[in-house]
């Protein structure tokens with residue numbers, strides 16, 4: 001997933017109270033101020049490195065996991 005797609009997902013997430021329609025992609029909120037998240041998938045831990053996105057004056061950190069097709073979002 002490229003940066004443009006991620007920004008679009010984060011923008012939709014931040015502007016809607018419900019999860020945005022990302023097709024098969026799940027969106028999961030993680031605790032605030034996380035820049036790295038350890039995902040447990042298929043019995044293994046995988047570090048998801050998050051990137052900073054600015055939306056409407058707020059800063060979000062978001063990262064994508066290909067195996068689980070999940071975007072993890074944290075408010076900075």
_What value in Å³ per residue do you get for the convex hull of the alpha-carbon atoms in the chain?_
85
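Would you list 58, 34 from fewest to most Cβ contacts within 10 Å? If you can, show how the numbers build up before the last one.
On the way: 58 11, 34 18.
The order, fewest Cβ neighbours first, is 58, 34.
With a 10 Å Cβ neighbour count serving as the proxy for reagent exposure, in which order, fewest first, do 56, 32 appear? All intermediate terms of the calculation are to be shown ahead of the outcome.
Details: 56 7, 32 10.
So the residues, fewest neighbours to most, are 56, 32.
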*In nanometres, what is the gap between the two model label sites at residue 28 and residue 56, each 7 Å from Cα along Cα-to-Cβ?*
2.5
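No value in this document is a laboratory result; all are computed from the given coordinates. Just so it is clear, the model here is predicted, and its values are computed rather than measured. Note that we place each Cβ from the backbone using ideal geometry, even for glycine, and neighbour counts take in every protein chain shown.
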